[in-house]
Amino acid sequence: MNFIKLKNPKTELYLDFKNQILSPQFNWIYSGTTNPDKKSTRGDEYGESDMYQHCLLLRPTLDRLFSLPTSPQLETFNSIILEIFKYNRINLTHEFSLMVRASVNAVNPRVGKVKYCIPHQDHPFPHKNMLIYLTDAGGSTFMKGKEHVPEEDDIVIFQGEHWHELPELKRRVVLVMTYI
C-alpha cells in the first residue's frame with residue numbers, strides 16, 4: 001500500500017481543535033519514548049526520542065481486549081474524522097469498520113545522532129493508520145522505501161511497518177488514528 005493523501009476540509013471544528021491542541025493550555029502526558037517495546041537493529045540513526053501524548057482512545061492490549069476512551073475530546077475528534085471522511089467521499093460502510101486508537105502526539109526536535117524513531121506497527125493485527133500533521137515541523141513518515149514529506153494540515157493513510165523522521169527545529173504535532 002502506498003501513502004494515500006486525503007484532502008483536509010479545514011472546517012471550523014478542525015481549526016478550533018487544532019488551535020486548542022497547539023495552545024499552552026492543552027494537557028500533555030510525558031511518555032518518555034516514542035516506542036518503548038522495541039530495540040533498534042538499524043544503526044545509530046534509529047532510536048528513541050522524548051514524546052508527549054494526549055491519548056483520546058487507548059489501544060487494546062492482550063490483557064484488555066477493547067479500546068478505552070480516555071479523553072472528553074474524543075467526541076470532537078470523532079466529528080472531525082467524520083467531516084474528513086465525508087469530504088473525501090470515504091464510504092463508512094465499505095472502507096471503515098472501527099476506530100481502534102486515537103491520540104495527539106508531540107515530538108520535540110531531535111538531539112544527538114538519533115534521526116529516526118524505530119520502525120514499528122501500532123498493533124499486532126491488520127489495521128490502517130491515519131496521520132494528520134498539525135505543525136509544519138517536517139518529520140517525514142516512511143514505509144518500505146516510500147516517504148511522505150508532510151506539510152501542515154496534511155492527512156495521510158497507510159498500512160504496515162513505518163517510522164518517522166524526528167523533527168530538526170520545531171515540535172512535530174500529529175493526530176493519530178488507527179482503524180480497521
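FYI, it's all coordinate maths here, none of it is from the lab. In this text, all values refer to a predicted model and were calculated from it rather than measured experimentally. Don't worry about glycine lacking a Cβ; one is built from the backbone with ideal geometry, like all the others, and counts go over all protein chains shown.
Other residues lying with their Cβ under 14 Å from the Cβ of residue 70 contribute a combined charge of +2, Lys and Arg counting +1, Asp and Glu -1. Between residue 12 and residue 97, residue separation times 0.36 nm minus the direct Cα-Cα distance comes to 28.0 nm. For the residue pairs 86/170; 10/146; 10/113; 7/144, the C-alpha atoms sit more than 30 angstrom apart in 86/170; 10/113. Answer with one residue from 121, 159, 173: the one whose Cα lies farthest towards the positive end of the charge dipole of segment 50-180, charges on Cβ with Lys, Arg +1 and Asp, Glu -1. With unit charges placed on the Cβ atoms, the residue in question is 121.
Shape class of segment 73-159 from the Cα gyration tensor (axes a ≥ b ≥ c, square roots of the eigenvalues): prolate, since a/c reaches 1.5 or more and a/b is larger than b/c. Its Cα centre serving as origin, the chain has a Cβ charge dipole (Lys and Arg +1, Asp and Glu -1) of approximately 280 debye. Each of residue 61 and residue 159 was given a label point 7 Å from its Cα along the Cα-to-Cβ line. The distance between the two points is 2.8 nm. Ranking 21, 3, 104 by Cα position along the charge dipole of segment 1-145, where only Lys, Arg, Asp and Glu carry charges on their C-beta atoms, puts 3 farthest toward the positive end. For residue 100, nonlocal amide neighbours, meaning residues 5 or more places apart or on other chains whose placed amide H falls under 5 Å from its own, are 178, 179, 180.
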